[in-house]
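Below is one structure, written out as structure tokens; the observations come after it.
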Amino acid sequence: MLYWLYELTGGQGPFNLFRYITFRAGAAFFTALIFAFLFGRPLIAYLRRVQKKGQPIRDDGPEGHFVKAGTPTMGGILILSALLAGTLLWARLSNPYVWIVLMVTYGYAAIGFADDFAKVSKHNTNGVSGRVRMGLGLLLALIASAWTMYLHPPALSGQLAFPVFKDALLNLSLFFIPFAMIVIVGAANAVNLTDGLDGLAIMPVMIATATFGVIAYMVGNANFADYLGLHGVPGTGELVIFVAALIGGGLGFLWYNAPPAAVFMGDTGSLALGGALGAIAVVTKHEIVLAIVGGLFVVEALSVIIQVLYFKRTGKRVFLMAPIHHHFEKKGWKESQIVIRFWIIALVLALIGLSTLKLR
């Protein structure tokens, strides 16, 4: 929004700074961070007051989780509010890629909010039915995927790009749309499954999103894209503003979500942030790199799939409990150990993903 001041003044005086993505990204980060710090405590107090019993705890969950009973959920509202403030103030709102990612983020946030609200209202872990959640998620992903395919440069529209083998493109044609839908829906649900311990999901999300902020900036800049041998997607650099605001809001949320958590993210936040990550990967043509950078989320989702399929087939379990972070809890790891070690894994995977930008 404030970018318009640069356009209205012709870039005269201090408003010339607004033309730079890096300046606006920094401003978006601090806007979101300050917003989260200012409104975090009042929001948590409000959620605690209206929810009373807080997020329902699974009866079959790890024993250590019962002490968390009464902790309010829907803390994702704090991240999303801060993210929206930072993005709307500092992003160039004429950029369609910004609106695609915003649509996916807040569409999935609405689905997650409905699920959280149902759980809190019924005082049990049964929220919105899986079919309804999946159907609405697929619809959002369909709109975003088709819109993105329409906006991509003709040479890239419908194409699947590969890391390392950068000259290779696989023409999926219209099949790119269902592929992109799987990426978005898969990312949303994978992050949702990862959100099971205090601080576990938010830091890997920020690490992965920051990585894709770098990717968005590189592919959106013709000079960097040419130097690194990347497929350029003009306009994606503006997503750096969104990413910076997400990180600012995420850090503000982590202040209150650090063990012992004063508030949980809930599906409101986890579905939204996962959807945003998937949408950015689709927009920047780095869907495969998402599987590397977001490898932690992939493992969490696979652990659930493997557990369910193996149990149905044999009646036995592969893991003591799924998702896999609960397996380590059952093995006696402390919650803080799991969280910090998973953060380290997420950081290593992000660095591996970034290294693919230079490899040929």
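The values are calculated or read from the model by the stated rules, or taken from the named source; none is laboratory data. This is a predicted model, so every value here is computed, not measured. Because the Cβ atoms are built from the backbone with ideal geometry, glycine has one as well, and the counts that use them run over all protein chains shown. The accessibility values were calculated without ligands, DNA or RNA, using every heavy atom of the protein model including side chains. Shrake-Rupley method; radii C 1.70, N 1.55, O 1.52, S 1.80 Å.
Quick check, is V233 assigned to a helix (DSSP H, G or I) and in contact with a helix residue (DSSP H, G or I) (Cβ under 8 Å, 6 or more places away or on another chain)? Reasoning before the result, please.
Details: assigned to a helix (DSSP H, G or I): no; in contact with a helix residue (DSSP H, G or I) (Cβ under 8 Å, 6 or more places away or on another chain): yes.
No, not satisfied.
Okay, residues lined up against (1) under 23 Å from P260 (Cα atoms); (2) open to solvent by less than 40 Å² (accessible area, probe 1.4 Å); (3) at pLDDT 95 or above; (4) touching a helix residue (DSSP H, G or I) at 6+ places or on another chain (Cβ under 9 Å):
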{"position": "F35", "(1), (2), (3), (4)": "yes, no, yes, yes"}
{"position": "Q55", "(1), (2), (3), (4)": "yes, no, no, yes"}
{"position": "M74", "(1), (2), (3), (4)": "yes, yes, no, yes"}
{"position": "G86", "(1), (2), (3), (4)": "no, yes, yes, yes"}
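Y227 - would you say it is farther than 28 Å from F117 by Cα, out of contact with any Asp or Glu (no Cβ under 7 Å at 6 or more places or on another chain) and in contact (Cβ under 8 Å) with a residue 40 or more places away in the chain? Break it down stepwise before answering.
Numbers: farther than 28 Å from F117 by Cα: yes; out of contact with any Asp or Glu (no Cβ under 7 Å at 6 or more places or on another chain): yes; in contact (Cβ under 8 Å) with a residue 40 or more places away in the chain: no.
No: the conditions fail for Y227.
Assess whether R49 counts as being open to solvent by 70 Å² or more (accessible area, probe 1.4 Å), modelled with pLDDT of 95 or more and either basic (K, R) or not in a helix (DSSP H, G or I) (or both).
no
Working only within the stretch 99-154, note down all residues that are open to solvent by 70 Å² or more (accessible area, probe 1.4 Å) and closer than 21 Å to V233 by Cβ.
Correct list: W99, L142, I143, W147, Y150, P154.
Would you be able to tell me the number of residues in the stretch 124-175 that are of a type in the set (S, T, Y) and closer than 18 Å to I280 by Cβ? It would help to see each step written out before you state the result.
Quick first cut of the stretch 124-175, residues of a type in the set (S, T, Y) only: 125, 129, 145, 148, 150, 157, 173.
Pick out the ones that are also closer than 18 Å to I280 by Cβ and you get 145, 148, 150, 157.
So the answer is 4.
Name the single residue, out of those in the stretch 157-199 being assigned to a loop (DSSP other than H, G, I, E, B) and within 30 Å of G75 (Cβ to Cβ), that is most open to solvent (accessible area, probe 1.4 Å).
Of the residues in the stretch 157-199, the ones assigned to a loop (DSSP other than H, G, I, E, B) are 157-158, 162-168, 172, 195-199.
Adding the requirement that they be within 30 Å of G75 (Cβ to Cβ) leaves 195-199.
On the way: D195: 46, G196: 25, L197: 6, D198: 10, G199: 1 Å².
The qualifying residue most open to solvent (accessible area, probe 1.4 Å) is D195.
Would you point out which residue out of A350, A291, A301 is surrounded by fewer than 21 Cβ atoms within 10 Å (Cβ to Cβ), assigned to a helix (DSSP H, G or I) and hydrophobic (A, V, I, L, M, F, W, C)?
Details: A350 fails: surrounded by fewer than 21 Cβ atoms within 10 Å (Cβ to Cβ); A301 fails: surrounded by fewer than 21 Cβ atoms within 10 Å (Cβ to Cβ).
Exactly one of A350, A291, A301 is surrounded by fewer than 21 Cβ atoms within 10 Å (Cβ to Cβ), assigned to a helix (DSSP H, G or I) and hydrophobic (A, V, I, L, M, F, W, C), namely A291.
Among what's in the stretch 200-223 and is crowded, with 24+ Cβ neighbours inside 10 Å and not in a helix (DSSP H, G or I), pick the residue that is farthest from the chain's Cα centre (by Cα).
Taking the candidates together, the pick is L200.
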